1. What are the semi-axes of the equivalent ellipsoid of the chain, taken as the square roots of 5 times the eigenvalues of the Cα gyration tensor, listed largest first and rounded to whole Å?
2. Modelled label-to-label distance, Lys160 and Asn48, 7 Å Cα→beta-carbon offset: nm?
3. Of Ser105, Ile163, Asn149, which is farthest on the positive side of the dipole of the range 4-190, counting Cα position, with +1 on Lys and Arg Cβ, -1 on Asp and Glu Cβ, and the Cα centre as origin?
4. Hey, rough spin-label estimate for Leu147 and Tyr178, points 7 angstrom out along Cα→Cβ, what's it come to in nanometres?
5. Taking chymotrypsin sites (Phe, Trp or Tyr not before Pro) as exposed when DSSP calls them loop (any state but H, G, I, E, B) and at most 14 other Cβ atoms lie within 10 Å, what is the longest stretch of the chain free of them, the sites themselves excluded?
6. Using 0.36 nm per residue, how much length does the chain from Thr74 to Phe111 gain when fully extended, once their Cα-Cα distance is taken away?
7. Based on the Cβ-Cβ distance from Ser90 to Glu188, what FRET efficiency comes out when R0 is 30 Å, to the nearest 0.05?
8. For the cross-link pairs Lys49/Lys134; Lys13/Lys59; Lys89/Lys184, which exceed 31 Å when the distance is taken from alpha carbon to alpha carbon?
Amino acid sequence: MDGDFYALMFRMKYIGRWGLMRLLRQENLSEHSLECAILAHGLAVIGNKCFGKNYNIEKIALKAMYHDAPEIITGDMPTPVKYFDKSTKSAYKAVEEHAIERFISLLPEDFRNEYTALFEYTEDEKKIIKAADKLCAYIKCLEETDLGNREFVPALASTKSIIEKFQCEELDYFMEYYVSSFTKALDELQNQNYDKK
């Protein structure tokens with residue numbers, strides 16, 4: 001049973017996201033977790049370099065990688081359902097906590113402290129990872145609308161509004177300077193012209 005934790009983590013790839021939406025490109029929990037970790041790392045770097053913060057960048061990136069792991073058990077609960085009211089939110093939180101306890105119980109006893117710490121957040125860590133999560137949603141909405149999926153037009157607008165109200169200078173900085181790159185074609189990103197063969 002000592003290896004079950006790792007096998008469970010690898011099941012992230014079977015958990016689909018955006019269950020209520022028509023997607024032109026499917027997204028799974030595994031890719032979301034990596035993208036969220038990349039963005040959380042980036043936001044933490046921005047915080048340290050541009051705003052004089054003292055984030056533990058590596059710890060934030062690692063925790064972001066695991067932030068949605070409970071969804072291996074719960075599935076991706078649509079936001080309108082998860083936050084329907086206080087009782088729904090509270091019940092979902094309890095299920096998430098049970099999932100984390102289950103994960104930790106599958107590890108050898110002397111590993112458990114290391115992994116328990118991955119699911120415990122300081123206020124700064126929570127804010128940056130949540131900001132990265134919202135940024136992932138915005139980028140997904142950009143991707144879908146750029147492909148012509150009008151289903152995501154309202155989601156793009158509402159996610160942008162949430163980001164604007166988030167009060168996170170690192171997130172504002174990313175939106176101002178970097179988010180436009182996500183609509184560029186590969187040749188534009190590389191800023192080179194290659195011979196097409």
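The numbers here are math on the coordinates, done by the rules we state, and not lab data. None of these values were measured; they are calculated from a predicted model. Don't worry about glycine lacking a Cβ; one is built from the backbone with ideal geometry, like all the others, and counts go over all protein chains shown.
1. Gyration-tensor ellipsoid for the chain: 29, 21, 19 Å.
2. So the label points at Lys160 and Asn48 sit 3.2 nm apart.
3. Ranked along the dipole, the leading option is Asn149.
4. If labels sit at Leu147 and Tyr178, their model points lie 2.3 nm apart.
5. Working: sites that count: Tyr83, Phe84, Tyr178, Tyr194.
In short, 85-177.
6. Values: separation 37, 0.36 × 37 = 13.32 nm, distance 2.40 nm.
Extending this stretch completely gives an extra 10.9 nm.
7. With R0 = 30 Å, the Cβ-Cβ based efficiency is 0.05.
8. Cα-Cα > 31 Å for Lys89/Lys184; rest within.
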